[in-house]
1. Need the C-alpha centroid separation for the range A:170-248 versus the range A:570-631, integer Å.
2. Between residue B:127 and residue B:44, what is the FRET efficiency for a Förster distance of 30 Å, r being their Cβ-Cβ separation, to the nearest 0.05?
3. Taking every Cα atom in the range A:384-518, find the radius of gyration and the maximum pairwise distance Dmax, and write them in Å.
4. Fewest first, what order do A:144, A:3 take by the number of other Cβ atoms within 10 Å?
5. Given points 7 Å out from each Cα along the Cα-Cβ axis, report the residue B:88 to residue A:555 separation in nanometres with one decimal.
6. Suppose each label sits 7 Å from its Cα in the direction of the beta carbon; what would the residue A:382-residue A:318 distance come out to in nanometres?
7. For the range A:335-435, what mean projected area does the convex hull of the alpha carbons give, in nm²?
8. To one decimal place, what Kirkwood hydrodynamic radius in Å is obtained for the range A:122-199 from all pairs of distinct Cα atoms?
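No lab work stands behind these numbers, since they all come straight from the coordinates. Predicted, not measured: the structure shown is a model, and the values here were computed from it. When we count neighbours, we look across all protein chains shown, and the Cβ atoms used for this are built from the backbone with ideal geometry, even at glycine.
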């Protein structure tokens, strides 16, 4: 094996190394013995020493050692690549040797992580590893953000600090391994800050948490830059210089005089000490353990218990090793029973299962097959149906993820906004376990952010104003998800001032959204805010109020085949409700017929079916026909006119009226016949052929023909446009 | 001199069109399609009409679970409409459009053969005397007995008319 092959093996082991994994340690030592190169002699010794200590060490500060080992492996790698550097660095090396943080916590960032010159391009070496790193880093950064918000709530909880520390540590380690020096350096610094906090040497202040959030943002930006470089296939990546600013701030925090905290250094919750494990195993008497512990306290160095026990010949080294292993096992609390699957493959699988369901129904509904009376055949075919249905359910559920992840991301947004606007806002999350299609989760993020921002900015008032209005100073926004009959309902409730109806009416008239003399009912009025270019904010803030917000929200939700509406209680607050199907892959559809064609309406938008009588229909000059349903006057749209094909019903009281709803509006759609309800797999249709012609997609029907899924919003829009053009014509 | 230069230049541009073509009949004329663009040839099947689309868009079909649009090439070229026969076929082509590839079906009277067009047989598109918009034509292929029009199917199916359709709708 060549030295470079050995090096690769060594790095591989180093990556997977974790405390207590003695097998890995052994392998690394073996590899090191085989590696023979003058340039690395010295570092080899250091690394050997580190690994040996790790084997002996009873895991205290295990993290630190792994970090040191990784640094050391990196150094060896570096020297192997540039042997001439080894000598040059020899002088520096004394300083560069990984400083033990425990020994010198006050020391600035260990010199092992070299200062990186500003804006020096960094290599993007192994595309696959880098890609893994990107997705991993994003996950970690997200979890850091979540935990940061938690930490602010309970600053005393050391376990939370740990859960922020760990992801930074992982990012740092992997970044270092991939020679991404800037990411490595910044995450290392942040890690140091947290380490200090963990030991109680630094207290959580709003400035500190802002600093960490800033750091996370910079790391995120760097990850994005890295991804861009990777996608472009660039051999190097150049991070922008804003890293320095955050790093300077961190240095300032680290060097600033800190409140002197008594050296309580409450260790974070640790796995059971080795001694206890040994006692449990019966390898050691309790008395013996307490004796050794007493002795340990007296000695200056505080040697690891394991080492002392061996010296005292109380237990064998083997026992200590086993105990360390056991301890390691206990530390891994959760063994994740998940596998990561390429989303593309998942989508393919789901598509194929969708096909299978269609094919199955095509076979079973084939007239020739339906004619078969053979008992055995009928049994077999029903078995096939059962299996395909179960398969479909399982594969659908594979795509569902809890909505909680998305909800939790809102914590940070609320935190940032409330701080910026000087408001006190408490975000309450409910129904986080409700599951939704993972493809939708991503699409849902932006509209949710928009609405949460809107609630923070326009809904919740300033503390003074709230006090004046007899409300608690702290405003509450409740984000809630719940499953309601095969669909998911997400509501955002704030206890703010409610919508400004007068202002909405004013704008509605100005923009021509409402032209009647008579003002509309409150529900309709409130929902005007979803119209394009509608904003009631008198002053444009950098948060919201550019008049694009709610319109964008509505469009995004409609893209997911859902709908959104709002209802406000002036002075008391506002509720936004989003209704969504559980998945975008399958839609619960109502099959309707016009002439010889069949169309699918999303059941989510169907309010009820009405057989109208002649007397229910009224015709208003210039306004088309309306029908009275539950004492409401609803405009009638004939589907045959909308899609421009001949149907069999001439008059509005013939056929069936399907009452559709969207953003608080209702409309009655006349069709020849309602065939029934059916779950259909949505197929994309070439966009150029469906833009605004009322088709949202296609679906393969039971007989193998394509059925078109109608875009409910487009039906509403044509009706409104027709009205407008008629009114304009009259003028 | 100049004319010679441009002649050799146009010869070079013509040469890139040599290769295999699938030929088909449309209103007694023979046309060719680059074979690389053709995915498959299928018989006529049930077509679902798309509302509010130009007449040449016949609708969408179910191609093994995929929903693809179908265009009647006769109508697209402004040729007289005829009854579909057993020989009427849908050629499924793959076209590049807006950075992605799309599958579309085109309805033709009859599929003839796959032929090899050599550079000797290629002629530049005449500026006049063709019923078709010259933009849709790659070149003409002069064979022993007939002249075939080699189509730029990408242009035919992503040209102004279809683009205008979606643009008009966007307003």
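1. 52 Å
2. Calculated transfer efficiency: 0.25.
3. Rg, Dmax (Cα atoms, Å): 19.6, 67.
4. Going from least to most buried by this count: A:3, A:144.
5. For the pair residue B:88/residue A:555, the computed spacing is 3.9 nm.
6. 6.4 nm
7. 11.2 nm²
8. Working: mean 1/r = 0.0775 Å⁻¹.
Answer for the range A:122-199: a Kirkwood hydrodynamic radius of 12.9 Å.
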